[in-house]
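Student: Before anything else, here's the structure in question.
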Amino acid sequence: MESRVAVISIIVTEAEQVDRLNNLLHEYSRYIIGRMGIPYKEKGISIISIAIDAPMDEINSLSGALGRLDGINAKVTYAKV
């Protein structure tokens, strides 16, 4: 199956969801190229970017699972290659 490169942008507004988020990302770790997290204490949120190289079905599955977590907002941007 052909893989795609994408970036998943995540904003965490409920800190108590971080464990569930990390567990979910661990399930997809074989596809994750890199991860950058920035705590924005002034706003009480965290901003996370995930670079991923995976089949489109796996990216969509991860994105959907992230969207079902309360206090987590996620969007996917795909590379054109």
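Student: For segment 15-32, enumerate the residues that are closer than 10 Å to I72 by Cα and modelled with pLDDT of 95 or more. If you could, list the steps in order and put the result at the bottom.
Tutor: Residues of segment 15-32 that are closer than 10 Å to I72 by Cα, as a first pass: 15, 17-18, 21.
Matches in segment 15-32: L21 only.
Student: For segment 5-24, what are the residues that are free of Cβ contacts under 8 Å to residues at least 60 places away in the same chain and touching a helix residue (DSSP H, G or I) at 6+ places or on another chain (Cβ under 8 Å)? Break it down stepwise before answering.
Tutor: As a first pass, look at segment 5-24 and keep what is free of Cβ contacts under 8 Å to residues at least 60 places away in the same chain: 14-24.
Listed by number, the residues that qualify are L21, L24.
Student: Further question on the same structure: From E42, E27, E2, grab the single residue that is within 17 Å of G64 (Cβ to Cβ) and either in contact (Cβ under 8 Å) with a residue 12 or more places away in the chain or among the charged types (D, E, K, R) (or both).
Tutor: Values: E42 fails: within 17 Å of G64 (Cβ to Cβ); E2 fails: within 17 Å of G64 (Cβ to Cβ).
Selected residue: E27, the only one of E42, E27, E2 that is within 17 Å of G64 (Cβ to Cβ) and either in contact (Cβ under 8 Å) with a residue 12 or more places away in the chain or among the charged types (D, E, K, R) (or both).
Student: Right, something else. Can you pull out the residues in segment 28-53 that are closer than 19 Å to R4 by Cα and either in contact with a helix residue (DSSP H, G or I) (Cβ under 8 Å, 6 or more places away or on another chain) or polar (S, T, N, Q) (or both)?
Tutor: Pass one, segment 28-53, residues closer than 19 Å to R4 by Cα: 28-35, 49-53.
Y28, S29, Y31, I32, R35, S49, I50, I52, listed by residue number.
The values are calculated or read from the model by the stated rules, or taken from the named source; none is laboratory data. Remember, predicted model here, so these are calculated numbers, not experimental data. For neighbour counting, all protein chains shown are included, and Cβ atoms are generated from backbone atoms with ideal geometry for every residue, glycine included.
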